[in-house]
Amino acid sequence: MSDLGSGTIYTETVIYSAPEAYVNDVPYQLAIIELATGRRVTARIDGERAHIGDQVRFAEFRNSVPFFRKQS
Amino acid sequence: MRPVAVAGIGKTAFGAFPDRDLRSLAVEAGQKALENGHASTSQLEAFYLGNFAGPSFTGQNHLAPYVASAMGITGVPATRFEAACASSGSAFFHAVSAVAAGLYDIVLVVGVEKMTSQPTPKVTEILAGAGDGCGEVRAGATFPALFAMIARRHMYQYGTTREQLAAVAVKNHQNGAKNPLAHMRKVITMEQALAGKPIAEPLTVYDCSLISDGAAAVLIMPLERAAEFTDKPVRVLGIAQTSDNVALDEKDDITTFRAVKTSAEKAYKMAGVQAADIQFAEVHDCFTIAEIIAIEDLGFVPKGQGGPYSLAGGTCLHGERPVNASGGLKSKGHPVGATGTGQICDVVEQIRGQAGERQVKRNSLGLAQNLGGSGATSVITILGAA
């Protein structure tokens, strides 16, 4: 799978009540990210909390799920 | 197309009922609707069942004949409709369409869900099945998370506040406390609502509807035959179902539900009314933000004004336009497959003047808005005195 590049947070949430598969991950941040191409992708945010309008950079896929990190 | 009327309604209590199974709830609601409409099972020409996830929650499939036969209904089409939380709204839409087209006369629609037999993480996972399994759900989205992201964006674009969201919960609990069949008959304060346990920021437990068991049923027929069955027929003036993308990240603007707007336009047109004519409504407040967006998308208030209007009391029981006088999904409960027919029952009760302490003053034209998923299905029904 390819590098998704960088993008901007369109919206986000921090989840405290998870489905069975992710109960050990809480709390975790989920966001819809608008990529440079204009396409939006739903992804997890690793590390520092990101807010609407923040720039984020693709980090890696884990089990096919894209993870992004806030750009400093 | 023939005019269609509701001749009978029946609801179980909504709540957590460890000793009740899906079928017994559905049968109870169905029998109550038949009694209410003075009809017998032998008169039914078709049976429509709305149910979202019976097979996942209970292990039972082939649910429509399973429920119908337990009521003594055989030898007619018995079919289950699944459209996430709009399952029974969709079943009702298709049943009304068939009666209007002249395919059948006397038809029973039952909505049911049995949810509380599973632990919350499992329920959360089953409900997430109404989202996009290859994208948002695999990434860890829950339904509260999807609506939390909608709320965040609505707050960002329109300045909607936590207090405005909480006002929806406070109002719906006030109404639900007056509803003998509601799941959580408890008044809550603004302070409690704001200090609730976080579920998915910015939503707390008080922004989320309840995990409930329950069923609700509606008996319909051509208006011309309704007088044989009831002296209180309620006419289906307009009804429409439309669809949209399932995945939230495929929608241009997540602060509005395009399917709600398109289905409302069609239903208003069919009924020959405008948004301003609607006197009261039951809307799909699966989360507080969903009620705020609903009153905007239905055209009750301008875009972005749903929050301030709710905080100012415009939607209260004795406000300008009462919304969710039943207590809504928030307080009444949200057995997802029963919610659409439940809303129809609540609007019919209001039009008949039988809503007791919850009765709205102006009650001749009401609307029910039933939403599936994060907006991929919408069913709008406009009902009026016959």
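Being in a strand (DSSP E or B) and more than 20 Å from the chain's Cα centre (by Cα) is the filter here; which residues of the stretch B:178-208 pass it? Don't jump to the end; show me each part of the working.
So the first thing to find is which residues in the stretch B:178-208 are in a strand (DSSP E or B), and the list is B:198-200, B:203-204, B:208.
Listed by number, the residues that qualify are B:P198, B:I199, B:A200, B:L203, B:T204.
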Residue pairs meeting the criteria (Cβ under 6 Å; at least 6 apart or on separate chains; first charged (D, E, K, R), in the stretch B:365-386; second surrounded by fewer than 24 Cβ atoms within 10 Å (Cβ to Cβ)): none
Qualifying residue in the stretch A:5-14 (condition: modelled with pLDDT of 95 or more, over 19 Å from B:K251 (Cα atoms) and facing another protein chain (nearest Cβ under 8 Å)): yes
The stretch A:51-68, subset over 15 Å from B:A139 (Cβ atoms) and not acidic (D, E), residue nearest to the chain's Cα centre (by Cα): A:R57
Any hit, the stretch B:277-294, residues being surrounded by fewer than 22 Cβ atoms within 10 Å (Cβ to Cβ), out of contact with any strand residue (DSSP E or B) (no Cβ under 7 Å at 6 or more places or on another chain) and away from chain A (no Cβ under 14 Å): no
Residues satisfying the stated conditions in the stretch B:180-192, i.e. surrounded by fewer than 24 Cβ atoms within 10 Å (Cβ to Cβ) and under 16 Å from B:G356 (Cα atoms): B:P180, B:L181, B:R185
Subset of the stretch A:5-21 [more than 11 Å from the chain's Cα centre (by Cα), within 20 Å of B:A247 (Cβ to Cβ) and buried (at least 19 other Cβ atoms within 10 Å of the Cβ)]: A:I15, A:A18, A:P19
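Here is a list: B:G328, B:G314. Which entry is touching a residue at least 60 places away in the same chain (Cβ under 8 Å) and small (G, A, S)?
Details: B:G314 fails: touching a residue at least 60 places away in the same chain (Cβ under 8 Å).
Result of the check over B:G328, B:G314: B:G328.
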Residue that is over 25 Å from B:A355 (Cα atoms) and touching a Gly at 6+ places or on another chain (Cβ under 8 Å), where the choices are B:A130, B:A139, B:A151: B:A130
Out of B:E357, B:E349, B:E320, B:E291, sole residue that is at pLDDT 95 or above and touching a helix residue (DSSP H, G or I) at 6+ places or on another chain (Cβ under 8 Å): B:E291
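For the stretch B:136-158, does any single residue satisfy the condition of being among the hydroxyl-bearing types (S, T, Y) and more than 8 Å from every other protein chain (Cβ to nearest Cβ)? If you could, list the steps in order and put the result at the bottom.
We begin by selecting, within the stretch B:136-158, every residue among the hydroxyl-bearing types (S, T, Y); these are B:142, B:156, B:158.
Next, from what is left, pick out any that are more than 8 Å from every other protein chain (Cβ to nearest Cβ): B:158.
Within the stretch B:136-158 (the criterion being among the hydroxyl-bearing types (S, T, Y) and more than 8 Å from every other protein chain (Cβ to nearest Cβ)), the answer is yes, since at least one residue qualifies.
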The stretch B:101-141: number of residues that are under 18 Å from B:A7 (Cβ atoms), out of contact with any Ser or Thr (no Cβ under 9 Å at 6 or more places or on another chain) and part of a loop (DSSP other than H, G, I, E, B): 4
Single unsatisfied condition, A:S64 versus (1) within 19 Å of B:G129 (Cα to Cα); (2) surrounded by 12 or more Cβ atoms within 10 Å (Cβ to Cβ): (2)
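Look at B:S97 and say whether it is farther than 13 Å from B:I220 by Cβ and of a type in the set (S, T, Y). First the steps, then the outcome.
Details: farther than 13 Å from B:I220 by Cβ: no; of a type in the set (S, T, Y): yes.
So B:S97 fails the test.
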Residue that is outside the structural domain of B:I295 (by TED's automatic domain parsing), touching a Ser or Thr at 6+ places or on another chain (Cβ under 9 Å), surrounded by fewer than 22 Cβ atoms within 10 Å (Cβ to Cβ) and touching a residue at least 40 places away in the same chain (Cβ under 8 Å), where the choices are B:A91, B:A70, B:A98: B:A70
The lone exception for A:I33 - which of (1) part of a strand (DSSP E or B); (2) surrounded by fewer than 20 Cβ atoms within 10 Å (Cβ to Cβ); (3) more than 8 Å from chain B (Cβ to nearest Cβ) it fails: (2)
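The values are calculated or read from the model by the stated rules, or taken from the named source; none is laboratory data. Computed from a predicted structure; not experimentally measured. Backbone-built Cβ (ideal geometry, glycine too); neighbour counts: all protein chains shown.
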